Every structure is written in C-alpha cells, then in structure tokens.
Amino acid sequence: MTEHEHDDEREAGPDAGTESVEPGLEETEAAHRHAEEPAFVAETSEGAQELAARDTTTAGELRQEVGAVLRLPEGGYVDPGDIDIERRDDQTMIINMGPQHPSTHGVLRLMLELDGETVLRTKPIIGYLHTGMEKTGEELTYVQGCTNVTRMDYLSPLHNELVFSLATEALLDVELPPRAIWIRMLMAELNRVSSHLMWMATNGMDLGSTSMMIYGFREREMVLTFFEKTTGLRMNNNYIRPGGVAADLPDGWQDDVEIICETILARTYEYDELLTGQPIFRERTEAVGNISAEEALALSVTGPILRSTGVPWDLRRTMPYLAYDKLDFDVIVGSYGDNFDRYSVRLNEIRESIKMIRQIAEMMPPGDYRVQDRKVTPPPRARIDESMEALIHHFKIFTEGFRVPEGEVYVAIESPRGELGCYMVSDGTSKPYRLHIRGPSFVNLQALPLLLRGGLMADAVAVISSVDPVMGEVDR
Amino acid sequence: MSESTPTAAPAAPPAGVLPEVPRLPDVRVDQLAFPHRDTYKQMVAAFRDAGFETCADLCGVDYLTHPGRSLPEGVAPERFEVVVNLLSLSMRQRVRIRVQLPESDPVVDTIVDVYPGADAMEREAYDMVGILFTGHPDMTRILMPEDWEGHPLRKDYGVGRVPVQFKEAPGPR
C-alpha cells in the first residue's frame, strides 16, 4: 500500500462513519482514533527535514537523497538516468526507521523510500541527541573544555580530548615532554582497539551473531578496566588535557598492557573463525553497500570507509601528529568498498594497533607526564602546602584558567571513525571564542543514501552498522 | 585512484591556477586565503581542480564580540565568517578559506555542486549560525527542530533562554 492510498483511507474513515445511519461503537472509536492521529504525528514531525514525496521534491534534493555524486573531483559525471528520478509516487512507499530502533545505534532516524524491498531514496534525520556542546564549549575554560568534548564521541573519548588538547597547544605554542606524547599515543591506540571491538560487537549483533556481541563486549571490558586503573573512569576519562595528561601511568602498567595485547590479539583470530570465513556472514556483507574511492572523496568520507575503497589515507601515516612517525605500522586498505572490506579493515586495524601498543610500551621514555609550565598545568599537590606561589597558580588555573593567544587553528587526528577535526578560534581570553568539532560520523552519514541505494531493506541494518555512526558525535 | 595514492613525495601545487586573493602566511596551515564572497565559489572550484579532492570541514563563525582579528590588507572585517578547510590527499596539504559575510546579508554561494560532501556541513552552518547558502538543494535545519527560533551559535543568542517552570510558590498560609 502506498502513502497516498493510506492517506485517502484515513480521510475516508470518519466520513464513512457520519454517513451511516446508526454509527456503531466500533466505528465511532475508529473515528476518534483517526481524529487523534494527526496531533500525534505532528508531535514527532521534523517538517521540512523529512523525506517528502517525489512530486513535492526538487530535482536537486532528489539527487541528494539517492546519493548521486553528480560532479566528481576528476570531472567524471554519473549518468542522470542511473539515478531514476522520474519514478511515480504511487509505486513506492516511504517508511520511517527510528529514531528508536535498536539497529540504528542511538537515535538515528532514517526515512526510506521503498519499491517493494528495494531502497530507492534515503534521508538521515539527525539532531535527536543534540546537546549544544559547541555552545557549551564557549562557556567553559580551556581547562574545563576536555570534560565537555570527551562526551561527544563516547566510544573514543580519548581521541576527543586529544584533538581538543592539540588545538589548544597549537594556539599556546607549548612543547610537550616526550613521555606525555607517548602516553597519549598509548591511550589513543588502546581506545582505538576498544572502539573497534565495540563496533565488531554491534555489527555482529546487527547481522544476527549474538556470540560476537558478547565476545566484543568482553574484550572491550579489558581495555576499559585498564582505563579505569589509569584515569579513574571507564569512559569520558578527561585524562588527556592541554599540557599533557592528568596522571602518570600506574605501577605495573607494562604487564597490564601486555596481557591486553596478548589476549585480544589471540581473540581476533577466533573472530576470524567465527565470522570471516563463515558463509552466512560473507553472504550478508560481500558486495553490499559498495562505494568507490571517487565517491567517498567527493562525499568527504574518511576513516575505515575511505580506506576500504583502497585509498591509503590515514592521518597517522600521511600527516603524522604526536610521534606516530616513529612507529612501524601498516595502513590497512580494502579493494571493493563493501561491508566486508570495512569489516576486514577494522579487524586488521585492531591488530595494527596492538602492534603499535607493543612498540610504544617498549619505547616509553621516562620523564614528566605534563609540561612543567605553571601557567598551563597545575603544580603537584604536595607543593601547594609548601609554596605560596604554587597555591596561587593552582587557584588561578582552576578558577580563571590560562589565557590563550588570539588566533585560529584547525587540527585533525585519525579517530577510529575518520578525520576528527577541531577548529578553534581564540580571542585572547581563557575560553575558546568558537569551538567547532568536525565529527567524522556526522560527515560519514552523508554516504548512507549512496550506500543504501538499490540495496535490500534487510541489508540497510548491516550498512548503517558498517558506517559506524556514534550519535553523540553526529549531533554534538 | 592511483594519482591520489599518497605514497609519492608531496608535490607543490601548480602555480598560476589559483585566483588572486588576499592571503596570510600561517605556520599552522599550508595556505590561508581570504576571497570576497563573489569569488569564493570560483576559488573553491579552482582549488578542487588544483588537486584538493576533499572538503574536510566547513563551519560558520560569528565575530560579533571578538575584539579584533588579524586579516590581510584589503579585507574588511564583517560579523560572520564561513571557514572552509580543504584537504589534498595527493599533495598532503591543507588549505583554509575564510569568507567575510555582512550582518545584514549573510548569504554566500553553496559549494555543494563542487564538493557534494559539504551538504551536511552547510546545513549545520545555516542551522547554528544562520548563514544562507544560495543554490543549496535542501536548506533546512539539521540539528535543531524545524520550528526552532534563532541560531544558537550566534553570539547574541542568549544561553539558557528556555524558560524553566518551577512549582508555584507557596502562598502566605
């Protein structure tokens, strides 16, 4: 049944009730229900943001909703006939998926236009988790800022803190002690492992493999336990701060890290047995949700999705930050840009990260874990009892914060989901004048109409999962 | 995509391709350009043709209460700015383009037809700062509800304007 037929019936319902000589009890109830329906619909309506019927949509918008990348960077064109915008409305149906749908990983709402089981158009409707973090960031000092940004991408909080701290330090022009840099790398790579494990778990669940879900969460918990030991919290750590990190690594951290590496590396080969070679899993993922390198670049897609198309673009390698140029690791690329390639890129990135963590643990330099500049980092607790200066610095940093020179900077790092950027404008006070976070999930979601077009409704869940959107970061 | 494979040594951008606009040297970015809004789209397209394959980021900034920023000669400061960060994979370079937009008329050409990936970013800039992009196929709000009033990231947008309802105060007896 199409939308239009449904609308006609709905309007015909109450009329039929009034025309009948003796309206029965059921009919009046039906009329009441119909009368209440519009009010209920209006409550959840996002109006113009929604997917509209074809006859009320402009050609440009239609092209976007079918994921047409009309002008490719190399000057190539997609055949307009290919995108099929001439179809009539009465053959199709617009359905709503989400925002409360278990497979949409949070509160992502998709409106899909279907022809039978085939997806024709898609429109992601976002904003259900919008909390105004960029505005909040303007009201917090640089010292407090990390607690705010760490809640954006809640599966890789340390990367959020890292990009915020790097942007602040670029404006401050401070140089970090080597140990701070290497601790940051260690934590960032551990966080990448935990984030990819979480993705493996949910992706397995979306494809019907509940064992994978249990295994993924089990391994992730090992990493989170180490985070709790080091930072005091499992998530939203507020550990990486402008000027270094909050605390040194705990005693015996090498053993903990080695156990994590050993266990998780061995388990990744178990995942191989469970999923990689499994015929059902391969049927569901191979040649589903394809994207080409040109399309990915045009849509600004980064991270594992871009690498799955065969573009070896990893900011850790191509634009190294921290001390990634001193590590020996491979950039994992796929070849077809389908669900299976995105799965294998992430699985192998876990192994590469473990390789990196082992190198970092070996090469960890001694020294300070934060810069010893009293204008940026607070003095050690013991100094406060002895020195008036230390007390003043401590007080100033936690009440007023430090002043950052006027300027603007864009810093980008490779988060588990792609290029995580921070554009920061400072006006010389102790609070950022403008804080803009370029969330990789937010940008990668634009690829959904393209990935879903022509696919089956049943594969939509798998495709959404393979994009790995974290709604906290999409909506910020 | 062999030409964008970043294994070869980064090459210098081809000279003479880019339009002449005021620029500033900046140690933190490879190029920093300040085109007028009439030449903005032309410049973005020129950068795309010069090998900047991806639009990494686009956002709006409201400079209402900023005490003053450094701009090159010939660029008059205006209230709004659109900041575009382009990325070249083949040259491993970043370029930042900043366009000044007046308070009375915060309108600029869309770059969606140059970089389709700028779609959601332009909608966000419209939603948050209230900059209109002419030619954008779907200029609607993206994060806020459609009937929201005002643009939250403007500096004159009050924080906490949503009225909070408390219980009625107790009477005298």
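The values are calculated or read from the model by the stated rules, or taken from the named source; none is laboratory data. Owing to the predicted nature of the structure, the values given are computational and were not obtained by experimental measurement. Ideal geometry is used to build each Cβ from the backbone, glycine not excepted, and the neighbour counts take in all protein chains shown.
Output the number of residues of the range A:164-185 satisfying the condition of being over 21 Å from A:V223 (Cα atoms) and hydrophobic (A, V, I, L, M, F, W, C).
Count: 8.
Please work out if B:A45 is buried (at least 21 other Cβ atoms within 10 Å of the Cβ), touching a residue at least 12 places away in the same chain (Cβ under 8 Å) and either within 12 Å of chain A (Cβ to nearest Cβ) or small (G, A, S) (or both).
So B:A45 does not fit the description; no.
As an exercise: evaluate A:F340 against (1) within 14 Å of another protein chain (Cβ to nearest Cβ); (2) within 24 Å of the chain's Cα centre (by Cα) and give the number of the one condition it does not meet.
A:F340 satisfies every listed condition except (1).
Pull up the range A:302-324, narrow it to residues that are among the hydroxyl-bearing types (S, T, Y) and surrounded by fewer than 24 Cβ atoms within 10 Å (Cβ to Cβ), then point me to the one that is farthest from A:N444 (Cα to Cα). Let's see the steps before the verdict.
Here is the first cut: in the range A:302-324, the ones among the hydroxyl-bearing types (S, T, Y) are A:302, A:308-309, A:318, A:321, A:324.
Pick out the ones that are also surrounded by fewer than 24 Cβ atoms within 10 Å (Cβ to Cβ) and you get A:318, A:321, A:324.
Numbers: A:T318: 20, A:Y321: 22, A:Y324: 25 Å.
This residue is A:Y324.
Checking the structure you have, find out if any residue of the range A:353-372 is touching a helix residue (DSSP H, G or I) at 6+ places or on another chain (Cβ under 9 Å), within 14 Å of another protein chain (Cβ to nearest Cβ) and assigned to a loop (DSSP other than H, G, I, E, B).
Checking the range A:353-372: not a single residue is touching a helix residue (DSSP H, G or I) at 6+ places or on another chain (Cβ under 9 Å), within 14 Å of another protein chain (Cβ to nearest Cβ) and assigned to a loop (DSSP other than H, G, I, E, B).
Kindly list, by first and then second residue, each pair from a residue in the range B:140-166 that is over 30 Å from A:E61 (Cβ atoms) to a residue that is surrounded by fewer than 16 Cβ atoms within 10 Å (Cβ to Cβ) and modelled with pLDDT of 85 or more, limited to pairs with Cβ atoms under 7 Å and residues at least 6 apart or on different chains.
These pairs meet every condition: B:K155/B:L64; B:K155/B:T65; B:D156/B:L64; B:V159/A:E139.
Six or more apart or on different chains, Cβ atoms under 9 Å: show the pairs whose first residue is in the range A:267-287 and more than 17 Å from A:V467 (Cα to Cα) and whose second is basic (K, R).
A:R267/A:R218; A:T268/A:R351; A:L275/A:R282; A:T276/A:R282
Scan the range B:62-77 and tell me whether some residue there is crowded, with 24+ Cβ neighbours inside 10 Å and away from chain A (no Cβ under 12 Å).
No: zero hits.
So A:C146 ticks every box in (1) part of a helix (DSSP H, G or I); (2) within 13 Å of another protein chain (Cβ to nearest Cβ); (3) touching a helix residue (DSSP H, G or I) at 6+ places or on another chain (Cβ under 8 Å) but one. Which box is left unticked?
Here A:C146 clears every test but (2).
Matching residues to (1) closer than 18 Å to A:A52 by Cα; (2) modelled with pLDDT of 75 or more; (3) more than 14 Å from chain B (Cβ to nearest Cβ):
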residue: A:G76; (1), (2), (3): no, no, no
residue: A:R88; (1), (2), (3): yes, no, yes
residue: A:I94; (1), (2), (3): yes, yes, yes
residue: A:T104; (1), (2), (3): no, no, yes
residue: A:L110; (1), (2), (3): yes, yes, yes
residue: A:E113; (1), (2), (3): yes, yes, yes
residue: A:G132; (1), (2), (3): no, yes, no
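Which one is surrounded by the most Cβ atoms within 10 Å (Cβ to Cβ) among residues in the range B:49-61 that are facing another protein chain (nearest Cβ under 10 Å) and farther than 25 Å from B:Y157 by Cβ? If you could, list the steps in order and put the result at the bottom.
So in the range B:49-61, the residues facing another protein chain (nearest Cβ under 10 Å) come out as B:49, B:51-61.
Next, only the ones that are farther than 25 Å from B:Y157 by Cβ stay: B:49, B:51-56.
Working: B:D49: 14, B:G51: 19, B:F52: 25, B:E53: 26, B:T54: 26, B:C55: 29, B:A56: 25.
Result: B:C55.
Any idea how many residues of the range B:92-114 are at the interface with chain A (Cβ under 10 Å from one of its Cβ atoms) and out of contact with any helix residue (DSSP H, G or I) (no Cβ under 7 Å at 6 or more places or on another chain)?
The total comes to 5.
Output the residues belonging to the range A:373-391 that are assigned to a loop (DSSP other than H, G, I, E, B) and charged (D, E, K, R). I'd like the intermediate steps shown before the answer.
Residues of the range A:373-391 that are assigned to a loop (DSSP other than H, G, I, E, B), as a first pass: A:373-380, A:387.
A:D373, A:R374, A:K375, listed by residue number.
Of all the strands (runs of 3 or more DSSP E) wholly in the range A:392-476, which have at least 1 residues that are polar (S, T, N, Q)?
Passing ranges, in order: A:407-415, A:418-426.
Which of the residues spanning the range A:140-164 are crowded, with 24+ Cβ neighbours inside 10 Å, of a type in the set (S, T, Y) and under 17 Å from A:S441 (Cβ atoms)?
Matches in the range A:140-164: A:T150, A:S156.
So how many residues does the range A:281-312 have that are within 14 Å of another protein chain (Cβ to nearest Cβ) and in contact with a Gly (Cβ under 9 Å, 6 or more places away or on another chain)?
Residues that pass the stated criteria total 19.
All but one of (1) modelled with pLDDT of 90 or more; (2) away from every other protein chain (no Cβ under 12 Å) hold for A:Q278, so report the exception by its number.
A:Q278 satisfies every listed condition except (1).
Picking from A:E258, A:E283, which residue would you name as being part of a helix (DSSP H, G or I), closer than 30 Å to A:A458 by Cα, in the same structural domain as A:G418 (by TED's automatic domain parsing) and not aliphatic (A, V, I, L, M)?
A:E283
Please determine whether any residue of the range A:170-179 is within 24 Å of A:I397 (Cβ to Cβ), within 14 Å of chain B (Cβ to nearest Cβ), without any contact (Cβ under 8 Å) to a residue 24 or more places away in the chain and surrounded by fewer than 24 Cβ atoms within 10 Å (Cβ to Cβ).
no
Do we have A:M200 as of a type outside the set (D, E, K, R) and surrounded by fewer than 24 Cβ atoms within 10 Å (Cβ to Cβ) here? Steps first, answer last, please.
Details: of a type outside the set (D, E, K, R): yes; surrounded by fewer than 24 Cβ atoms within 10 Å (Cβ to Cβ): no.
Here the answer is no, as A:M200 does not meet what is asked.
Look through B:L132, B:L89 and report the one residue that is within 11 Å of chain A (Cβ to nearest Cβ) and not hydroxyl-bearing (S, T, Y).
The match here is B:L89.
Tell me, which residue of the range A:402-437 that is under 22 Å from A:M198 (Cβ atoms) and in contact with a Cys (Cβ under 9 Å, 6 or more places away or on another chain) is nearest to the other protein chains (Cβ to nearest Cβ)?
So, considering only residues that are under 22 Å from A:M198 (Cβ atoms) and in contact with a Cys (Cβ under 9 Å, 6 or more places away or on another chain), the one nearest to the other protein chains (Cβ to nearest Cβ) is A:I437.
How do the strands (runs of 3 or more DSSP E) wholly within the range B:89-141 filter down when requiring 3 or more residues that are surrounded by 21 or more Cβ atoms within 10 Å (Cβ to Cβ): which remain?
Filter on the range B:89-141 gives B:93-101.
Considering (1) modelled with pLDDT under 90; (2) in contact with a Phe, Trp or Tyr (Cβ under 7 Å, 6 or more places away or on another chain); (3) under 18 Å from A:Q64 (Cα atoms), say which one B:E122 fails and leave the rest.
Here B:E122 clears every test but (1).
Would you check which residues across the range B:84-109 are of a type in the set (S, T, N, Q), within 14 Å of B:R48 (Cβ to Cβ) and touching a strand residue (DSSP E or B) at 6+ places or on another chain (Cβ under 7 Å) and list them?
Result: B:N85, single match.
For residues that are closer than 19 Å to A:R316 by Cα, touching a Ser or Thr at 6+ places or on another chain (Cβ under 8 Å) and either part of a helix (DSSP H, G or I) or not assigned by TED's automatic domain parsing to the domain that holds A:H196 (or both), tally how many sit in the range A:326-343.
Going through the range A:326-343 one residue at a time, the tally reaches 1.
Within the group A:L452, A:L456, which residue is more than 13 Å from chain B (Cβ to nearest Cβ), more than 28 Å from B:E122 (Cα to Cα), under 29 Å from the mean Cα position of the chain (by Cα) and modelled with pLDDT under 90?
None of the other options fit; the residue is A:L456.
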